[in-house]
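A short write-up of the structure that comes next.
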Amino acid sequence: MPTTLITGTSRGLGLEFVRQYAAAGWTVLACARQPTASVELAALAASHSSKVRLLTLDVGDHAAIERTARELDSMPIDVLLNSAGIMGSGSFATEGVAFGRFGHSDFADWERVFRINVIAPMKMAEVFLGHVASSEQKKIVTLTSMLGSVALNRIGGLYAYRASKAAVNAMMKSMAIDLAKSHGIAATAIHPGWVRTDLGGPRADIDAPQSVSGMREVIAALDLSRVGRYWVYDGSEMPW
Ligand SMILES: NC(=O)c1ccc[n+]([C@@H]2O[C@H](COP(=O)([O-])OP(=O)(O)OC[C@H]3O[C@@H](n4cnc5c(N)ncnc54)[C@H](OP(=O)(O)O)[C@@H]3O)[C@@H](O)[C@H]2O)c1
């Protein structure tokens with residue numbers, strides 16, 4: 001069975017990815033800042049002990065990313081899945097469009113958002129390139145957001161988060177072009193929908209199991225003819 005390495009698995013979509021891939025019999029390398037502090041993740045690891053391996057990883061820590069790659073030695077990784085992400089201080093779920101307003105920028109917060117949402121997936125891809133290239137499926141997936149679509153931005157606001165997701169889209173597009181040619185790797189960005197997690201809030205449209213089962217289908221269908229596009233969890237395409 002294939003192997004996936006997933007970041008940000010303590011809760012939300014990352015945790016649900018662990019649950020679904022483990023149930024499907026995959027080997028899951030579940031990365032989290034404090035894996036054993038998540039009761040649900042620890043329970044999943046206990047119930048799938050031969051399939052789910054917990055790894056301590058803060059994706060903002062580049063030395064830790066390199067250390068994790070060394071620990072895994074030459075283990076092939078079929079799907080490298082960057083799920084960890086942050087909105088920055090404040091909350092879209094509770095503040096709506098008042099969150100991230102013009103004139104209220106906290107630039108230390110901007111730097112944190114870019115470090116986790118943009119730089120971390122880039123670092124992960126560079127460090128784990130060999131693991132992915134040596135696998136059967138050869139896929140790199142980063143969770144982006146509809147809020148990163150420049151074409152669909154009609155209400156403004158949400159500066160740091162929008163900018164980070166637009167940046168990660170640009171990055172995944174370049175990666176799709178470059179890695180398809182150099183290594184036969186399919187790289188893409190997927191919007192999970194508006195999902196009821198801590199980040200999405202309770203008023204969101206769909207739950208994590210629906211979003212993740214849709215994204216798993218998109219990932220399963222991903223091949224070199226479908227890279228460089230901006231997918232939605234339901235298989236539709238989003239304008240950049
Ligand atoms: N939910 C939505 O509606 C929605 C919509 C569009 C896009 N997305 C994207 O989907 C992805 C997952 O979101 P979610 O809804 O699952 O969010 P969430 O419920 O807030 O979970 C975020 C996850 O990221 C982890 N994380 C944060 N900073 C990290 C770091 N420095 N190192 C490692 N892990 C870190 C968190 O771990 P800790 O527990 O340690 O904090 C947590 O596991 C994000 O990239 C988000 O932007 C979500």
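What follows draws every value from the coordinates through simple rules; no lab data is involved. Remember, it's a predicted structure, so these values are computed and weren't measured experimentally. Neighbour counts are summed over all protein chains in view; Cβ atoms, including those assigned to glycine, are modelled from backbone coordinates with ideal geometry.
Quick notes on this one:
- Between N153 and S182, full extension at 0.36 nm per residue minus the direct alpha carbon distance yields a gain of 7.1 nm.
- Between A23 and D73, the contour length at 0.36 nm per residue exceeds the alpha carbon distance by 15.5 nm.
- Neighbour-count order for D73, D178, D61, fewest beta carbons within 10 angstrom listed first: D73, D178, D61
- Positive contributions from Lys and Arg (+1) and negative ones from Asp and Glu (-1), summed over other residues with Cβ under 11 Å from the Cβ of V18, come out at +2.
- Ignoring aspartates and glutamates fewer than eight residues from K139 along the same chain, the ones with Cα atoms less than 20 angstrom from its Cα are E16, E66, D73, D78, E126, D178, E217, D223, D234, E237.
- Estimated FRET transfer efficiency (T56, W240; beta-carbon r; R0 35 Å; 0.05): 0.50
- Sorted ascending by nearby beta carbons within 10 Å, beginning with the fewest, S145, S91 become S91, S145.
- In the chain, taking the dipole from charged Cβ atoms about the Cα centre, the farthest positive-side position among L5, A45, L129 is held by L129.
- This model, with +1 at the C-beta of Lys and Arg and -1 at the C-beta of Asp and Glu, gives the chain a dipole about its Cα centre of some 200 debye.
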